[in-house]
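K.L.:
My structure is below; once you've seen it, I'll send some questions.
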C-alpha cells in the first residue's frame, strides 16, 4: 500500500473520481493505493464464495455487493473499501446515498466486513477495528493469511491467522483461528470454513 502525494480530497471528490475504482481508499482526505496482488484477490474471492454459500444456506436477505464504499464518519473525509462486505438488503431503504451510488453510511446495513491483510496490516488491526466498532458493524474478520500482523496482534511465533471480531456492547471481542482450525462465525452458524480452504494454491 502506498500513499499518493497530492492535495487532500473531500469525501465527495473521492466518490466522484474513484467510486468505481477498487484500487483506492480514502483516509482523512488522503488517497490510498491499496495495491492488490493476485494472491490477495485469490483469498478474497474464495472467502466471498464460502460466505455466499453460507448466506444462501441460511436463507438470509443478505448479499455481497460487487463494489461498495463504507463511510464510517459523516464529518470525516474517509471512505473504506473492505475486501468483502455483507449487506442486509432490507436495511438499504434507509441508506441516504445507496440509490445514487454504492456508499453505505449506516452500520445497521452491514452484517459483516472482511479485510484480507496486506502490507497495511496496522490499519486492519487498529484503525479499522475502531472505525467498524463505532459504526456498529456486528462482525469483522481480519484474514492474515501470510501472518504479517505484529506479534501483539497475532502472537508469537507469527503465523497465518483469522481474527473474528464480534461486537459486544460497543467493543469487539476477538477470537483467533489458525491453519487447520474450523473458523467459528457468530453471524453465519452454518459456515464450513478453515483458513486452509482459501489459501492460494
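Where a number appears in this text, it was derived from the coordinates with a stated rule and is not lab data. Everything numeric here is computed off the predicted structure, so don't read it as measured data. With ideal geometry, Cβ positions are generated from the backbone for all residues, glycine too; neighbour counts draw on all protein chains shown.
K.L.:
May I ask you to sort 46, 128 by Cβ crowding, counting other Cβ atoms within 10 Å and putting the fewest first? Write down the numbers at each step before the final one.
P.N.:
Working: 46 15, 128 23.
Listing 46, 128 from fewest to most nearby Cβ atoms yields 46, 128.
K.L.:
How much length, in nm to one decimal, is gained on full extension between residue 66 and residue 35, taken as 0.36 nm per residue of separation minus their Cα-Cα distance?
P.N.:
9.4 nm is the gain from fully extending residue 66 to residue 35.
K.L.:
Just to verify a number: FRET efficiency for residue 156 and residue 126, C-beta to C-beta distance, R0 = 25 Å, to 0.05?
P.N.:
0.85
K.L.:
Antiparallel as a % of all DSSP beta bridges within segment 37-198, to the nearest 5?
P.N.:
For segment 37-198, the DSSP antiparallel bridge percentage is about 80.
K.L.:
Between segment 15-81 and segment 125-164, what is the separation of their alpha carbon centroids in Å?
P.N.:
Their Cα centres are 16 Å away from one another.
K.L.:
Something else about it: Which of rounded, prolate or oblate describes segment 105-201 when judged by the alpha-carbon gyration tensor and an a/c cut-off of 1.5?
P.N.:
It comes out oblate by the Cα gyration axes.
K.L.:
With a ≥ b ≥ c the root eigenvalues of the C-alpha gyration tensor of the chain, is it rounded (a/c under 1.5), prolate (a/b larger than b/c) or oblate? Write down the numbers at each step before the final one.
P.N.:
Working: a/c = 1.61, a/b = 1.21, b/c = 1.33.
Verdict is oblate for the chain.
K.L.:
While we're looking at this one, here's another question. Pick out which of 160, 65, 22 has the largest mean-square fluctuation in a Gaussian network model of the chain, springs linking Cα atoms closer than 10 Å.
P.N.:
65
K.L.:
Rounded to the nearest 0.05, what FRET efficiency do residue 184 and residue 8 give with R0 = 35 Å and r taken as the Cβ-Cβ distance? Could you check?
P.N.:
The formula returns an efficiency of 0.30 here.
K.L.:
Which of rounded, prolate or oblate describes segment 27-68 when judged by the alpha-carbon gyration tensor and an a/c cut-off of 1.5? Could you put the intermediate results ahead of the total?
P.N.:
Numbers: a/c = 4.57, a/b = 1.73, b/c = 2.64.
It is oblate, given that a/c is not under 1.5 and a/b is not larger than b/c.
K.L.:
Taking 0.36 nm per residue of sequence separation and subtracting the Cα-Cα distance, how much length would be gained by fully extending the chain between residue 169 and residue 89, in nm to one decimal?
P.N.:
Between residue 169 and residue 89, full extension yields 26.4 nm more.
K.L.:
Could you rank the peptides 50-60, 129-139 by their average count of other C-beta atoms within 10 Å per residue, with the highest value first?
P.N.:
Going from most to least packed, we get 129-139, 50-60.
K.L.:
May I ask you to derive the relative contact order of the chain, considering only C-alpha pairs under 8 Å and at least 6 residues apart, and to give it as an integer percent?
P.N.:
Once divided by the residue count of the chain, the mean separation gives 17 percent.
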